Amino acid sequence: MRWADADTKIGSRCVLSIRQDSPLFEYSKKYRIYAPVLMRHENEEISLTMLLDKVEERSTKTFSKIFYAEDHGGKLFVKYPIRPDSELSLINSILNTPSIVMSYVHLELDTLYIDFRFHSSRTREISDSVVGYLKKSNMIEIERLSTGSGAFSFLEEINARTPLSMIEFSFPAQDDDVIYNALSENNGVGEVQKKPGRDYSVQLYLESPAKNMKGLSLVSGNDNIYETSGNSPHLQKLRNLCNDALIFRAEHLMRTFDRRILISVFVPTRQTEDFLRILARINTEKDTQSIVLHRVVPFNPELSGML
């Protein structure tokens, strides 16, 4: 199976906007901030994290205290916890719905935008969750709800605003790797999800029903879609180091060949060298060697038929 065969199986798309009466949102509006946001799970709490350019107004102790900001050279690392009683708790509700693929979260002026895809069979669950929050708050709006939107249509939109590059690399599969076994036995492709948590989650798109359901959760029997969590030391280290460096991964696809896992990750072109340095660092560590770099190319929609 190629990615083009699976691209629109998770084809429903929703974009929500959330405003808040909070110092961060007010500050973002005042200084016209646009910043990609990563979600991190630490100590049973989900936080929004982002990098902001450091200017004089942001270099005060008050700013650092309010926004949990840390100085990273010319940038400020900002962490903003999600309160259980706030509009942002809608994010938790969405993430707990099976099939969710979080595409892009970003802060623009005084609004947080949440862009995600989901399987059509979960439309009722998404509708109930979103409508429930709409009843409780006038700070949440639906910007878009549509069908027929796959990963590559999303990548084209992002690339139009922020040029992307694809980095492709592979590493040896472990004998007990649930993800490798499911993909190789059923001729499938995978999509790493942007869900916060200790382990990374992967959505598996298989050509036929899974031969072994151990470790897998069914998303759609009609489309042979499954979810599972991964424990590859290569991907765990990559995920943690990229999160620490706030490297935005627009999409993260995988397939298998010759007892190896092949990863195709799409990052902003300006962050390509940072990502490659992290790969090089991982490849020097004893338990995560044997990484092979295959391609580094600008984004092209035709790549979907090659992956």
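Derivation of every value follows stated rules applied to the coordinates shown; laboratory data play no part. On a predicted model such as this, the values are computed, not experimentally measured, just so you know. Neighbour counts are summed over all protein chains in view; Cβ atoms, including those assigned to glycine, are modelled from backbone coordinates with ideal geometry.
Observations, loosely collected:
- Along the chain, the exposed loop sites are GluC sites (Glu not before Pro) outside DSSP states H, G, I, E and B with at most 15 other Cβ atoms within 10 Å, and the longest stretch free of them is 45-206.
- Computed on the chain, with alpha-carbon pairs under 8 angstrom and 6+ residues apart, the relative contact order is 23 percent.
- Three-way shape call for the chain based on the alpha-carbon gyration tensor, with the a/c threshold at 1.5: oblate
- Residue order for Asp128, Asp7, fewest other beta carbons within 10 angstrom first, comes to Asp128, Asp7.
- Spin-label model, Asn92 to Tyr31: label points 7 Å out along the Cα-to-beta-carbon direction sit 2.9 nm apart.
- Once the Cα-Cα distance is subtracted from the 0.36 nm per residue extended length, the Asp176 to Met1 segment shows a gain of 60.8 nm.
- For the chain, the residue among Leu38, Leu76, Ser129 whose Cα projects farthest onto the positive side of the dipole built from Cβ charges is Leu76.
- For the range 111-253, the relative contact order works out to 19 percent when only alpha carbon pairs closer than 8 Å and six or more residues apart are counted.
- Which of Ser264, Ser290, Tyr180, positive extreme of dipole for the range 162-305 (C-beta unit charges): Ser290
- Charged side chains reduced to their Cβ positions (Lys and Arg at +1, Asp and Glu at -1) give the chain a dipole of some 300 debye around its Cα centre.
- Residues Leu109, Leu246, sorted so that the one with the fewest Cβ neighbours within 10 Å comes first: Leu109, Leu246
- Residue order, fewest to most surrounding Cβ atoms within 10 angstrom, among Phe25, Phe248: Phe25, Phe248
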